[in-house]
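What follows is one structure encoded as structure tokens, with my remarks underneath.
The values are calculated or read from the model by the stated rules, or taken from the named source; none is laboratory data. Everything numeric in this text was worked out from a predicted model, so none of it was measured. Using ideal geometry, Cβ is built from the backbone for each residue, glycine included, and neighbour counts are taken over all protein chains shown. Areas reflect the complete protein model, heavy atoms only, side chains present, ligands, DNA and RNA absent. Shrake-Rupley method; radii C 1.70, N 1.55, O 1.52, S 1.80 Å.
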Amino acid sequence: MPARPADAGARRRAVSRPLPPLAWAALTLLAAVALGLRLHGAGARLGVALAVGLAVLALSRGSRGRPGATFAALAAAGYALGAAGGQAARTDCRALLPDGARVVVRGAFEARPAPGAAAPFRIEAIRPVAGPDLPGDAGEGAPAAPSPAAERPGSAAGWRDCTGTVRARPSDRKNASPPEAGRRVLGRGRWWAYPPESNWPRPPEFAGTLFLEELTNAAPGGAPRPDVLLRLRDGAQARLRRLLPERAALAEALILAQTGGLDPEVRRRFALSGLSHLLSISGQHVGLIAGTLLLLFRLARLAPRAADGAAAAAVTAYVLFLGAPHAAARAALLLLLALAGRLLQRPADPYALLAFAALPLLVQDPMAALDPGFQLSFAGVAGLIALRRRLLEPLRPKLGRWLADSIATSLAATLATAPIAALHFGTVAPVGIAANLLAIPLVAAAVPATALALGVSTVSWPVGQFLAGAADPLLAALDAVARAAAAVPGGHAYVPADQVGAWVLATVAAAGVAGWLARSAADGARIRHGVRQTVAAGVALALLLVWPVVASRAGGGALEIHVIDVGQGDAFAIRTPDRRWILVDAGPRTDRYDAGRARVIPYLLRRGVRRVDALILTHPDADHIGGAAAVLDAFDVCLVVDPGRAAGKPLYVELLTEAAAGGVQWRAARSGRELRAGDVVIHFLYPDGPSDSLDAPANANDLSAVFRLTYGGFAALFMGDAPAAVEDLLVRRHGDALRAQVLKVGHHGSQTSTSDSFLAAVDPEVALVSVGRRNRYGHPAPAVIRRLERHGVRILRTDLNGHIALRVQPDRRIEVETTR
């Protein structure tokens, strides 16, 4: 019998039910915690005092029948909680360790490190070692060796009470077995601090990386015993690496929540295919474990209540065994609440369950509010609750139940999490909606198969190996799906940071219009439900179409030169006063690090870049062009300029192939040629010769493109990696015409460049040096630094100053901003 309109309206009301008070309470607490985390200093302390006073006042007056007072007290408590958590994170001993400090640490790895990768390391105590990077040094040379008494774990000599987890990377010595998780060790190494990227507090465990040069077993006396859970986790990792030698890293991510061993390329393709959520233990994984256990318990003829209780206990133990990451903890709490509701025969509102799971996590760790995993986990579940049924109704009659449910589930989760993914990672992957249809069934089979092989191997190794043979092709198929989906043209997109704000604004506007039309319809206006939805969607679409035009007109009026901290390499971004972007080089690329993806693209996306008008590659060395392929993939690049000489380097050949496939225009950099972008003119000064020449010098630095940028009366000279011979040639040819307020120092400050005669001709005010911290080349050379200082030049270095931004006003006034 066809449904009557009243029935359809009842279904719509059921789908769009109002949020329960507990959900509003969780949202209030989350917003207040975030505000408290953002503010710090004297203002935060005053705010905490006011918040506590308001909470006490609200509670003392009673909250029965006064929801406003209750929510005010909750907001005040949340603000105080966030402010305290933010202050604790900013003043944590790990966040205050000086960059480059040489230290001795005592502690244990929380997971077994993969070769060449970092892993979480729990510090029990730390002791600075006298050396050139710490105050009070006696001079250069190797750190003073500590006395045996000072290194004894039971001794307090020199040890500081600094505890907590950090990322630590053991040395890459050949034939060295990886350190075991849970085994207490004494390590000596150097601390590399990460500069803060924003004013938000950062979890202290990500304040830097500890590079351990030496590791020895710590004496057992006088300190905590090894953690049993860590030892069990280490045993599981070791078994997985023996059972699945080629897929161990993927298996560890799916079963043990350990992603440190994943190859960067695997991470990249899972991210670009929209499948990265599968690499973290979340609701799906916990649900698979719980479902498998319930099935086994039922087959064992366990009573339903006993089966539910046993499954709940097993899932709790599993999540604790993993270290209780936020997504897994959320999933476990939801499962426990759902099982409790079933046992008590009291079904609860799904939003209330979600809120009840969020509240204890926020109270226990206010910094969770800033964690991408926490945000994505709860947003995904909220999206399923809010959107899945709405999407399922029109799809089910056309596609059938299974396919419609799969598409609706994937689409609902993707829509809810896309803004958060774009905000944190700068990408969205619509192809994930289709890729999940294949990947999720594979995970549903691979997780139980791998877990079963791991468990059985503890009893019978041959049987465990046999079962691992069934899990291996499932893991291989999952990786193949990610690889294929990542390669789909248009399957993923890079999103500027301001676009996320546009999405939020469009959503709020659409909701406001829909609500206003709904109230009008309730008051008697004849506005159909479909019309209301169409009008709301039209408002959102109009805002999204207009936003790029508005964003492109913001922030003009000055020339900007950005030195992106890419490590040992070069990457400069130039923003013209009429809002065009020119990129000069794109940083290095190695097997485990692509500066284009890791540094250049996120830096540009945070500044709203949508198109790169020109990409100038000074020469085909890997530390300059390594990240260029990623830039070509992320942005619409209009023009590539490079010296245009034959170079048989694989990265250069790959880059030319990608540029040709994308139809990018190419131009050779030659002396006498110009590149204009409004009032900004780039004059190429070197190399010489015809653009169709195939002759190439043995050293690529000898053909490095050199150009002088002018903007009104301002000039900046970019030297690439040009050596002193090229400098002398330019001085003879141009003389005082080389003068520039800003000099990009050649070859990262190598002693082969930046001669006295060259500095006398250029007469710069500011020198920019792009160089990696503690690089093995010794750049910049002390002699070069002394020459610059003798000429009275202000020196800005990425190894010391981080990202550097110069803002040049029309009157030639230069404003400098650095991240360190």
- Elements of type strands (runs of 3 or more DSSP E) in the stretch 542-613, at least 2 residues being without any contact (Cβ under 8 Å) to a residue 40 or more places away in the chain: 572-575
- Message: Can you pull out every residue in the stretch 257-276 that is in contact with a Phe, Trp or Tyr (Cβ under 9 Å, 6 or more places away or on another chain) and surrounded by 20 or more Cβ atoms within 10 Å (Cβ to Cβ)?
- Response: ALA271, SER276
- Reported set for the stretch 79-123 where residues are part of a helix (DSSP H, G or I), open to solvent by less than 30 Å² (accessible area, probe 1.4 Å) and in contact (Cβ under 8 Å) with a residue 60 or more places away in the chain is GLY82, GLY85, GLY86, ALA89, ARG94
- Is it the case that the stretch 371-378 has a residue that's more than 24 Å from PRO441 (Cβ to Cβ) and open to solvent by 40 Å² or more (accessible area, probe 1.4 Å)? yes
- Message: Regarding the stretch 359-366, can at least one residue be identified that is farther than 27 Å from LEU81 by Cα and open to solvent by less than 50 Å² (accessible area, probe 1.4 Å)?
- Response: no
- Task: Filter the stretch 296-327 for residues that are in contact (Cβ under 8 Å) with a residue 60 or more places away in the chain and part of a helix (DSSP H, G or I) and give the result.
- Result: LEU320, PHE321, LEU322
- Got a sec? Which of GLY491, GLY469, GLY464 is surrounded by fewer than 21 Cβ atoms within 10 Å (Cβ to Cβ), of a type outside the set (Phe, Trp, Tyr) and free of Cβ contacts under 8 Å to residues at least 60 places away in the same chain? GLY469
- Item | Condition broken by GLY672, with the remaining ones in (1) modelled with pLDDT of 90 or more; (2) surrounded by 15 or more Cβ atoms within 10 Å (Cβ to Cβ); (3) within 24 Å of ALA724 (Cα to Cα) satisfied | (2)
- Task: Please specify each residue of the stretch 735-754 satisfying the condition of being over 15 Å from ASP621 (Cβ atoms) and in contact with a helix residue (DSSP H, G or I) (Cβ under 8 Å, 6 or more places away or on another chain).
- Result: GLY735, ASP736, LEU738, ARG739, ALA740, LEU743, VAL745, GLY749, GLN751, THR754
- Query: Could you say whether any residue in the stretch 631-652 is of a type in the set (A, V, I, L, M), touching an Asp or Glu at 6+ places or on another chain (Cβ under 6 Å), within 30 Å of VAL428 (Cβ to Cβ) and at pLDDT 90 or above?
  - Reply: yes
- Keeping to the stretch 172-192, report how many residues are at pLDDT 85 or above and out of contact with any helix residue (DSSP H, G or I) (no Cβ under 8 Å at 6 or more places or on another chain). 9
- Note on the structure: Subset of the stretch 780-808, residues of a type outside the set (A, V, I, L, M) and either over 33 Å from the mean Cα position of the chain (by Cα) or open to solvent by 40 Å² or more (accessible area, probe 1.4 Å) (or both), comes to PRO782, ARG786, ARG787, GLU789, ARG790, HIS791, GLY792, ARG794, ARG797, ARG807
- Residue within the stretch 682-691 that is at pLDDT below 95, among the aromatic types (Phe, Trp, Tyr) and buried (at least 16 other Cβ atoms within 10 Å of the Cβ) present: yes
- Do you know which residues across the stretch 200-230 are modelled with pLDDT of 85 or more and open to solvent by 50 Å² or more (accessible area, probe 1.4 Å)? TRP200, ARG202, GLU205, PHE206, PHE211, GLU213, GLU214, LEU215, THR216
- Scan (1) under 15 Å from GLY426 (Cβ atoms); (2) at pLDDT below 90 for the single condition LEU545 breaks and write down its number. (1)
- Message: Considering only the stretch 151-161, I want to know if a residue exists there that is modelled with pLDDT of 85 or more and either under 30 Å from THR818 (Cα atoms) or in contact with a Lys or Arg (Cβ under 9 Å, 6 or more places away or on another chain) (or both).
- Response: no
- Message: If ALA725 meets every condition in (1) at pLDDT below 95; (2) among the small types (Gly, Ala, Ser); (3) surrounded by fewer than 23 Cβ atoms within 10 Å (Cβ to Cβ); (4) not in a helix (DSSP H, G or I) apart from one, which number is that one?
- Response: (4)
- Query: For the stretch 553-587, how many residues meet the condition of being modelled with pLDDT under 85 and open to solvent by 60 Å² or more (accessible area, probe 1.4 Å)?
  - Reply: 1
- Filter result for the condition that a residue is more than 28 Å from the chain's Cα centre (by Cα), touching a residue at least 24 places away in the same chain (Cβ under 8 Å) and within 14 Å of PRO113 (Cβ to Cβ), over ARG183, ARG231: ARG183
- Only unsatisfied item for ASP736, checking (1) out of contact with any strand residue (DSSP E or B) (no Cβ under 7 Å at 6 or more places or on another chain); (2) assigned to a helix (DSSP H, G or I); (3) open to solvent by 10 Å² or more (accessible area, probe 1.4 Å); (4) under 30 Å from TRP191 (Cβ atoms), is (4)
